[in-house]
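Below is one structure, written out as structure tokens, with a few remarks after it.
The values are calculated or read from the model by the stated rules, or taken from the named source; none is laboratory data. Bear in mind that the values here come from a model prediction, so they are computed numbers and not experimental data. Quick reminder, even Gly has a Cβ in these numbers, built from the backbone with ideal geometry, and neighbours come from all protein chains shown.
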Amino acid sequence: MIYKIKTIIFIPPNGILKKHDFSLERIVKSLKDNKLIKSILIYKENHQDKRALKYFDNVIQIKSEKELFKKISHIDYDIIFSRSWMHAYSFSAKLVKKFDNVIVNIKDWNFSTKEEYKFLFKNNNDFNAIKYIFKNAKYILSHYTKEQAKIWSKKYNVNKDKFIFFPEFCNKENFINNKIFYSDTVKIVYAGQIKPSNSTEKLFPAKSHLRSIDILSKQGINIDFVLPESNYNYVIKNQKSFEDFLYEKEFNNKFNLKKGKNIDASVLNQYHFGFFEIETSGKNKELYNYAIVSKFALYLEAGLPMLVNKDFKSISSIVINNKLGIVFSNNDIQNLSKLLSISNKRYKKFIKNIEQYRINFSYKNQIKDILNG
């Protein structure tokens, strides 16, 4: 039997590779041994990151949006894979309008009103763009589970089957065997970006980070925030906007800010638990409710058990069903140190469960069906 090689064109948000977005790199790395897929990256020359370039079969640099569309029109492709997020949805909507078989992989979609969005970002063009994408793209891939797909399906009057659960999965080559011994001196980590704490809490969850730090450190729990390199450098460069975090770093001996390594879970092997948020006030609950965020895969790769508030329904459901860590309620928040007082035997069981679960929660097991359409 002769199999046809499929040509997939990958396009980053607005055509630009950003340092803080690792998804395309992680996806194409999982395809590198697949002889039936030819991967093409088309991106603007003013890119910020060269890491991912070496993993594609072909890389095309362009100087403008017009040139990008012209290049695509001359390629005999099977699928266009458009990575997108807020402020890049208009670009992805143009791709959907001009070309067939466009899959849009959205990073997120906001939970603010049109008026709030315009107040924050000066325009609300993303609302029309996301509506067009939802109605006309071949598929919409996102880190939101089927519960959120049902909500969007009803709101935008589209078939719920267009929404495919596609979070950041694990790359097996990044798996680390966690050998840490569990003791009374518990160290937990938040691995991810932080936003300025002077942003309005009604629309951004940054201030809840500070409350999490306060809650945990008062119970004698050691916390580190490990930030992606670009985010860490941004914090140091814009210290006034992150003064609350830097104050905690300076004067709270239970807290530290650290620079991580891009796509490298090894920086997490000194910790006992990874967490997402401790409390579920404000936007946190909406943002996490039906989402499996990227740090979930990073914690799995690190073999790191998780500490999860049950109000983050999708993540906590996976953690409970697969025994990947400790799930707590809002009523438990002031007694987390007690919940973390577990035996080394129970802790090692969490690690064993993670090592079994993460094998299937990987790109190679998920992406081939989507690309085969």
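Being aromatic (Phe, Trp, Tyr) and at pLDDT 90 or above is the filter; apply it to segment 330-367 and report the residue that is nearest to residue 214 (Cα to Cα).
The qualifying residue nearest to residue 214 (Cα to Cα) is 347.
For segment 182-199: of the residues being under 17 Å from the mean Cα position of the chain (by Cα), in contact (Cβ under 8 Å) with a residue 60 or more places away in the chain and buried (at least 18 other Cβ atoms within 10 Å of the Cβ), which is farthest from residue 116 (Cα to Cα)?
The extreme case among them is 189.
Which one of the conditions (1) among the charged types (D, E, K, R); (2) in contact (Cβ under 8 Å) with a residue 12 or more places away in the chain; (3) exposed (fewer than 15 other Cβ atoms within 10 Å of the Cβ); (4) assigned by TED's automatic domain parsing to the domain that holds residue 92 does residue 179 fail to meet, given that it meets all the rest?
(4)
Out of 62, 72, 37, which single residue is modelled with pLDDT of 95 or more, surrounded by 17 or more Cβ atoms within 10 Å (Cβ to Cβ) and in the same structural domain as residue 10 (by TED's automatic domain parsing)?
Result of the check over 62, 72, 37: 72.
Return the pair list, or none, for Cβ contacts closer than 6 Å from residues in segment 1-16 that are not assigned by TED's automatic domain parsing to the domain that holds residue 107 and crowded, with 23+ Cβ neighbours inside 10 Å to residues that are part of a loop (DSSP other than H, G, I, E, B) and at pLDDT below 85, at least 6 apart or on different chains.
Listed by first residue and then by second, the contacts come to nothing, as the list is empty.
Keeping to segment 208-232, report how many residues are in contact (Cβ under 8 Å) with a residue 24 or more places away in the chain and in a helix (DSSP H, G or I).
13
If only one of 26, 83 is under 18 Å from the mean Cα position of the chain (by Cα) and either of a type in the set (Val, Ile, Thr) or under 21 Å from residue 126 (Cβ atoms) (or both), which one is it?
Going through 26, 83 in turn, the sole match is 83.
Go through (1) loosely packed, with under 14 Cβ neighbours inside 10 Å; (2) at pLDDT 90 or above; (3) over 21 Å from the mean Cα position of the chain (by Cα) one by one and return the number of the condition residue 233 breaks.
(3)
Is it true that residue 235 is over 24 Å from residue 306 (Cβ atoms), of a type in the set (A, V, I, L, M, F, W, C) and in the same structural domain as residue 141 (by TED's automatic domain parsing)?
Answer is no for this residue.
Considering only segment 83-134, state which residues are farther than 22 Å from residue 64 by Cα, of a type in the set (Ser, Thr, Tyr) and either at pLDDT 95 or above or surrounded by 14 or more Cβ atoms within 10 Å (Cβ to Cβ) (or both).
Hits for segment 83-134 are 112, 117, 132.
This table checks each residue for (1) of a type in the set (Ser, Thr, Tyr); (2) within 18 Å of residue 14 (Cα to Cα); (3) outside the structural domain of residue 145 (by TED's automatic domain parsing); (4) touching a residue at least 40 places away in the same chain (Cβ under 8 Å).
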site: 42; (1), (2), (3), (4): no, yes, no, no
site: 58; (1), (2), (3), (4): no, no, no, no
site: 67; (1), (2), (3), (4): no, yes, no, no
site: 85; (1), (2), (3), (4): no, yes, no, yes
site: 89; (1), (2), (3), (4): yes, yes, no, yes
site: 94; (1), (2), (3), (4): no, yes, no, no
site: 111; (1), (2), (3), (4): no, no, no, yes
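Go through segment 1-111 and tell me which strands (runs of 3 or more DSSP E), entirely inside it, have 2 or more residues that are more than 30 Å from residue 204 (Cα to Cα).
Per the criteria, 6-11, 37-44, 58-62, 79-84.
Restrict the check to segment 257-264 and report whether at least one residue is crowded, with 17+ Cβ neighbours inside 10 Å, among the β-branched types (Val, Ile, Thr) and in the same structural domain as residue 214 (by TED's automatic domain parsing).
So far as segment 257-264 goes, no, none of its residues is crowded, with 17+ Cβ neighbours inside 10 Å, among the β-branched types (Val, Ile, Thr) and in the same structural domain as residue 214 (by TED's automatic domain parsing).
Would you kindly identify the helices (runs of 4 or more DSSP H) lying entirely within segment 273-373 that contain at least 3 residues that are surrounded by fewer than 21 Cβ atoms within 10 Å (Cβ to Cβ) and in the same structural domain as residue 212 (by TED's automatic domain parsing)?
Result: 283-288, 313-322, 336-339, 344-360.
Could you tell me which of the residues 223, 164, 140 is within 21 Å of residue 294 (Cα to Cα), touching a Leu at 6+ places or on another chain (Cβ under 6 Å), crowded, with 21+ Cβ neighbours inside 10 Å and β-branched (Val, Ile, Thr)?
After ruling out the rest, the residue left standing is 223.
Taking the options 244, 224, 264, 214, name whichever one is at pLDDT 95 or above and of a type in the set (Asp, Glu).
It is 224.
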